[in-house]
Each structure stands twice: as C-alpha cells, then as structure tokens.
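Notes follow the structure.
The values are calculated or read from the model by the stated rules, or taken from the named source; none is laboratory data. Keep in mind that what you see is a predicted model, and the values were worked out from it rather than measured. Here the Cβ positions follow ideal geometry from the backbone for every residue, glycine too, while neighbour counts run over all protein chains shown. The area values use the complete protein model at the heavy-atom level, side chains included, leaving out ligands, DNA and RNA. Shrake-Rupley method; radii C 1.70, N 1.55, O 1.52, S 1.80 Å.
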Amino acid sequence: EAQVTQNPRYLITVTGKKLTVTCSQNMNHEYMSWYRQDPGLGLRQIYYSMNVEVTDKGDVPEGYKVSRKEKRNFPLILESPSPNQTSLYFCASSFLPLAKNIQYFGAGTRLSVL
Amino acid sequence: ILNVEQSPQSLHVQEGDSTNFTCSFPSSNFYALHWYRWETAKSPEALFVMTLNGDEKKKGRISATLNTKEGYSYLYIKGSQPEDSATYLCAFIDNAGNMLTFGGGTRLMVKP
C-alpha cells in the first residue's frame, strides 16, 4: 500500500530535549516536505527536499533541521525544542514537478513541548 | 512569504445546499494551484491540481475553476452532504516550482 508513515503520532517532551520525528514514504517520490499546522495559520512549510542530499528552507525553518540521506526518509530534528514548537506536524511527499503531482500526507504528529 | 487567502473561514450549510468558496493568490509568478480536503483527525487528501488559466476540474459533486490573471480559484460543492464536512485547503506554487504556500482553509460543516 502506498503511504507516508510518520512516527511518533503523539509526543510530549520538555524544553531543550532533542527529538526526531521520522518520515518514510514507499512511493519513490523525489519531493518530500514538512509542514506545521497551528490554529488560524493553516499549513506552513518548514523544510522541503527535491531529492537525496538536496534540502531547502521553507517559510518557518527556525529551530528545525532535516536530512535526506536516502530517498525514502526525511526526518525532522528539533535540537532544542521550545514551547512555541508545540504544533501538529505533517510530512508529505510527491513526484515532481509539483504542477502535475499531488502531495501525499502522513497521518500527522502532535507535539507538545512543556 | 506569499499571501494566499481563503474565504470564508468557515461555512455552515444544510444538507442538499450547494456552496462555493474562494482561494486568492498572487497573480504574478503563478505556476500551479492544489486543492486538498482535510477531515478532522485525518490527513489532507488531494482534490485537484490546476495549472492553466480557465481550467475547470470536476470530481463527483465537487468542481473547481481557476483564474490566474486575477488570482483566484473557486471550489464548488453541489448538493452538500454531511460527509462533505471538512476543511478545504488551497496551496499556491510559484514559478520557482519547489514550495507550496497554503491558505488558511475554509471549514465546511453540513448539517443533516
């Protein structure tokens, strides 16, 4: 089954404790992306990757890191989480070009930073 | 940061009503527009990818139009059903072709 898998689905952590949210897709998509969703603000792009070893900042990259060492995986790293990173996070993937291809979203990760 | 706006923010309709809502985006540097449907506690799912001015797309009772010259897209739902209740998101892609900027969404609630 074609899917984008995020883990964990729910996470409660404390300020400053490094964490990683994993994202994996099995569709051989070139493009992968991370979004955060906050009430009243819609989905905002954090980072994206056009292919292996190619990553770029989205609109809200501060406080996040990513890596794309393999085509299928695109982990999101919070080196020192802060309460303002409490949010719902989605990973998505697609073929390129974006003009012709839809994004497939993971189930979401709800993160609370205390 | 690009300005992509959706209106209204929320909409309550009765079952059987037809409805429509708007996505406004920058008319310059247009590359593509995506529409997604997002049900509570689920992931967003794609409805349409639109690229050409004048494009019309249809999927069952849902259709969308695109006007790239004036910078807007309409989403129409004919004969709304309770299962249409969801947040509808549009996402603008500029001619760099590598980022999606989402609008804030329109939350539709259909009462039986």
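Filtering the stretch A:25-42 to residues that are over 14 Å from A:T86 (Cα atoms) and open to solvent by less than 10 Å² (accessible area, probe 1.4 Å) leaves A:Q25, A:H29, A:Y31, A:M32, A:S33, A:W34, A:G42.
Conditions (1) more than 25 Å from B:A46 (Cβ to Cβ); (2) at the interface with another protein chain (Cβ under 10 Å from one of its Cβ atoms), marked per residue:
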{"site": "A:E53", "(1), (2)": "yes, no"}
{"site": "A:V66", "(1), (2)": "no, no"}
{"site": "A:S82", "(1), (2)": "yes, no"}
{"site": "A:Q85", "(1), (2)": "yes, no"}
{"site": "A:L88", "(1), (2)": "no, no"}
{"site": "A:L98", "(1), (2)": "no, yes"}
{"site": "A:Y104", "(1), (2)": "no, yes"}
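Among the conditions (1) surrounded by 14 or more Cβ atoms within 10 Å (Cβ to Cβ); (2) touching a residue at least 60 places away in the same chain (Cβ under 8 Å); (3) part of a strand (DSSP E or B), the only one that A:I12 does not satisfy is (1). Scanning the stretch B:1-26 for residues that are outside any strand (DSSP E or B), small (G, A, S) and open to solvent by less than 60 Å² (accessible area, probe 1.4 Å) yields a single hit, B:G16.
All conditions in (1) under 22 Å from A:C91 (Cα atoms); (2) open to solvent by 50 Å² or more (accessible area, probe 1.4 Å); (3) without any contact (Cβ under 8 Å) to a residue 60 or more places away in the chain; (4) small (G, A, S) hold for B:A96, with the sole exception of (3).
Suppose the filter is over 15 Å from B:P26 (Cα atoms), in contact (Cβ under 8 Å) with a residue 40 or more places away in the chain and within 14 Å of chain A (Cβ to nearest Cβ); does B:G105 pass it?
Spelling it out, B:G105 is indeed over 15 Å from B:P26 (Cα atoms), in contact (Cβ under 8 Å) with a residue 40 or more places away in the chain and within 14 Å of chain A (Cβ to nearest Cβ).
Among the residues of the stretch A:88-114, those that are more than 10 Å from the chain's Cα centre (by Cα) and over 17 Å from B:L100 (Cβ atoms) comprise A:A107, A:R110, A:L111, A:S112, A:V113, A:L114.
For A:K57, indicate whether it is within 14 Å of chain B (Cβ to nearest Cβ), open to solvent by 30 Å² or more (accessible area, probe 1.4 Å) and under 13 Å from the mean Cα position of the chain (by Cα). Break it down stepwise before answering.
Values: within 14 Å of chain B (Cβ to nearest Cβ): yes; open to solvent by 30 Å² or more (accessible area, probe 1.4 Å): yes; under 13 Å from the mean Cα position of the chain (by Cα): yes.
In short, yes.
Residue count for the stretch A:100-114 under the criterion of being open to solvent by less than 10 Å² (accessible area, probe 1.4 Å) and out of contact with any helix residue (DSSP H, G or I) (no Cβ under 9 Å at 6 or more places or on another chain): the result is 4. All of B:K78, B:K58, B:K42, B:K69 fail the test of being open to solvent by 60 Å² or more (accessible area, probe 1.4 Å) and facing chain A (nearest Cβ under 10 Å), apart from B:K42.
Here A:E62 meets the list (1) in contact (Cβ under 8 Å) with a residue 12 or more places away in the chain; (2) open to solvent by 30 Å² or more (accessible area, probe 1.4 Å); (3) more than 10 Å from chain B (Cβ to nearest Cβ) almost entirely, failing just condition (1).
Only one of A:I102, A:I77 is part of a loop (DSSP other than H, G, I, E, B) and β-branched (V, I, T). Can you tell me which? Outline the logic, then answer.
Numbers: A:I77 fails: part of a loop (DSSP other than H, G, I, E, B).
Answer to the check: A:I102.
Filtering the stretch B:27-39 to residues that are open to solvent by less than 80 Å² (accessible area, probe 1.4 Å) and polar (S, T, N, Q) leaves B:S27, B:S28.
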